[in-house]
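What follows is calculated from the coordinates using simple rules that are stated; it is not laboratory data. Quick caveat: nothing in here was measured; it's all calculated off a predicted structure. Heads up, the Cβs are rebuilt from the backbone with ideal geometry, glycines too, and the neighbour counts pull from every protein chain shown.
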Amino acid sequence: MAATSSIKTRLFSLLLALYLISSTPKPIRAEDAITYKYEDYQEDNDRIRVQAHYVKVDKDLGINTTLSVIGLVDTITGSTPTGAPIQDDDPNQVPLGNLVDKRESIVVDLDHKKGDHTFIFELSHSDESDYLSQGGAFTYKRGLNKNNTTLQFGYSLLDDELTAVTLRDPETKTSHDFFAGFTQVMDPATVITTNLGYGKETGYLADPYKSVQKSVEILPDFFLPILFRENRPRAREKWILQTEVLHDIQNLNASVQASYRYFSDDAGIDSHTWSIEWYQKLSEKLILRPVFRYYRQSAANFYHYDLDQTNIIPDRDTIGTAPYYSSDHRLSKLETVTYGAKLVWFITDEWELNLKFNRYEMSGRDGITHPSAYSDADVLTVGGRWWF
């Protein structure tokens, strides 16, 4: 039973699924394949733990068409900050809420190539105890200049329903995302990819399990701290710019992939992500890939550690209208660092095994939010692929 499952865990599950999918190396031949991965995300101090099983089946249908079916099952346990500030009874840890949940999702992807044109269609379905998400996506790619240049654009739609126990009635959320970009072969050893994206979300965008504290004057000069449910706008726009460079270093038997991502939304969050991955060929069968990623963001303009230093008077009956307020530490001024390595072993032409370990560290930058709100984690991934 997921009595206190949060939007944080749902977003992490989605990001985990996308991460597992995108981090799977592309096969160099159009053959049928089965990929399996197990990922264990464990935050320090027995906070959130996510265990995920991922299976992907690729089937060549002929006539330049490939069908992919992706299944993901993850379980989420542990505790996460409720949004309340430090209390007098425990000055070392912000209040935490326990949660247990399970998520099951499936993605069906159809990829068709006709000449210089590639069409990709995708349908997705994700279900957990208090959150249902269904969506679709379309991507088009056009090869030019003897395929040294590729133009691409895409659109995705997500239709979500929330049924958290803290909500009076079920709520809905709709997300539209667009992107356009290009990939350019600069020389035999260098490829550059740049994409520009725009997205808009409408509906219930708050976390129904997050709270905000306000000290309310009950009697003259007598204040009582009271928790209110957070209140975010019911619409959000975002913009994303991402560029990536892949360069082959032949004399070192290696390649390097560097990327930069800029994100901005109308809530005042601006973020920058720098990433570098080194692919080192150790032998004909082994590849080692160290990675380092740094992320930095500003705070949302409605983020408050608590409401005591503001003029905001929370109203339980005006959720979704101004004034807006949230104490979700993920909206604060913060930074994260990820570093680790992945080892890929090509046992035979038909079998591959891989092992990856990453360390994730998060810290605040506003000097106000208590450090215990932020969490660090170890991420272990074990997987393999069979071509047949």
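Using the crude model of +1 on Lys and Arg Cβ and -1 on Asp and Glu Cβ, and no other charge, please compute the dipole size for the stretch 7-387 relative to its Cα centre, in debye to 20.
Numbers: 40 positive and 55 negative charges, 251 e Å.
That gives a dipole near 1200 debye.
Among Tyr131, Ile106, Phe121, which residue has its Cα furthest toward the positive end of the charge dipole of the stretch 98-148, with +1 on Lys/Arg Cβ and -1 on Asp/Glu Cβ?
After comparing all options, I get Phe121.
For Cα pairs less than 8 Å apart in space and 6+ apart in sequence, what is the mean separation divided by the residue count of the stretch 155-256, i.e. the relative contact order in percent?
Working: 190 pairs, mean separation 24.8, N = 102.
Relative contact order here is 24 percent.
If you fit an axis through the alpha-carbon atoms of helix 7-22 and take the longest principal axis of the Cα set of the chain, what angle between them do you get, 0 to 90°, nearest 10?
It works out to around 10 degrees.
Can you sort Asp40, Asp89, Asp177 by how many other beta carbons sit within 10 Å, fewest first?
Working: Asp40 14, Asp89 6, Asp177 18.
Fewest-to-most Cβ neighbours within 10 Å comes out as Asp89, Asp40, Asp177.
Straight distance only, please: which lysines reach the Cα of Lys114 with their own Cα at less than 25 Å, same-chain residues fewer than 8 apart left out?
Reachable lysines: Lys26, Lys56, Lys59, Lys141, Lys146.
Specify whether the C-alpha gyration tensor of the stretch 311-388 places it in the rounded, prolate or oblate class, a ≥ b ≥ c being the square roots of the eigenvalues: rounded for a/c under 1.5, otherwise prolate if a/b is larger than b/c and oblate if not. Before the final figure, lay out each step's value.
Values: a/c = 5.70, a/b = 2.49, b/c = 2.29.
Since a/c reaches 1.5 and a/b is larger than b/c, the shape of the stretch 311-388 is classed as prolate.
Please order Tyr262, Tyr374 by the number of other Cβ within 10 Å, starting at the fewest. The partial results should precede the final answer.
Working: Tyr262 14, Tyr374 20.
Ranking Tyr262, Tyr374 by Cβ neighbours within 10 Å, fewest first, gives Tyr262, Tyr374.
Using just the helices of the chain, give the 222 nm mean residue ellipticity in deg cm²/dmol: DSSP H runs with n ≥ 4 each add -39,500 (n - 2.57), and the total is spread over all residues, rounded to 500.
Values: 1 runs with 16 residues, N = 388.
Estimated from H runs of four or more residues: -1500 deg cm²/dmol.
Neighbouring Cβ atoms within 10 Å as the yardstick, rank Trp387, Trp351 fewest first. Before the final figure, lay out the partial values.
Details: Trp387 17, Trp351 12.
Starting with the residue having the fewest Cβ neighbours, the order is Trp351, Trp387.
Which value, in Å to one decimal place, does the Kirkwood hydrodynamic radius take for the stretch 71-152 when every pair of different Cα atoms is included? Display every interim value, and only then the final one.
On the way: mean 1/r = 0.0590 Å⁻¹.
With all distinct Cα pairs of the stretch 71-152 included, I get 17.0 Å.
For Lys113, list the aspartates and glutamates whose Cα falls under 14 Å from its own Cα; do not include residues on the same chain fewer than 8 positions away.
Answer for Lys113, where 14 Å is the Cα cut-off: Asp60, listed by chain and number.
Which of the aspartates and glutamates could a cross-linker span from Lys281 if the Cα-Cα distance has to be under 20 Å and same-chain partners fewer than 8 positions apart are dropped?
In chain and number order, the partners are Asp248, Asp349, Glu350, Glu352.
Can you grab the distance from the C-alpha centre of the stretch 304-339 to the C-alpha centre of the stretch 178-220, Å, no decimals?
So the two Cα centres are separated by 16 Å.
Over all distinct Cα pairs, what is the inverse of the mean 1/r for the stretch 104-210, reported as the Kirkwood hydrodynamic radius in Å?
On the way: mean 1/r = 0.0617 Å⁻¹.
Radius from the Kirkwood sum: 16.2 Å.
Mind checking which of Pro208, Pro188, Val73 is farthest towards the positive end of the stretch 7-387's charge dipole, using Cβ charges of +1 (Lys, Arg) and -1 (Asp, Glu) about the Cα centre?
Toward the positive end, the furthest listed residue is Pro188.
Using θ = phi - 60° and the Karplus curve 6.51 cos²θ - 1.76 cosθ + 1.60, what whole-Hz ³J(HN,Hα) does each residue of the stretch 248-258 get, with Gly and Pro shown as x?
8, 10, 5, 5, 9, 6, 8, 9, 10, 10, 10
Please pull out the direction-averaged projected area of the stretch 7-387, using the convex hull of its alpha-carbon atoms, in nm² to one decimal place. It would help to have the intermediate numbers written out before the result.
Details: hull surface 80.6 nm².
Averaged projected hull area, Cα only: 20.2 nm².
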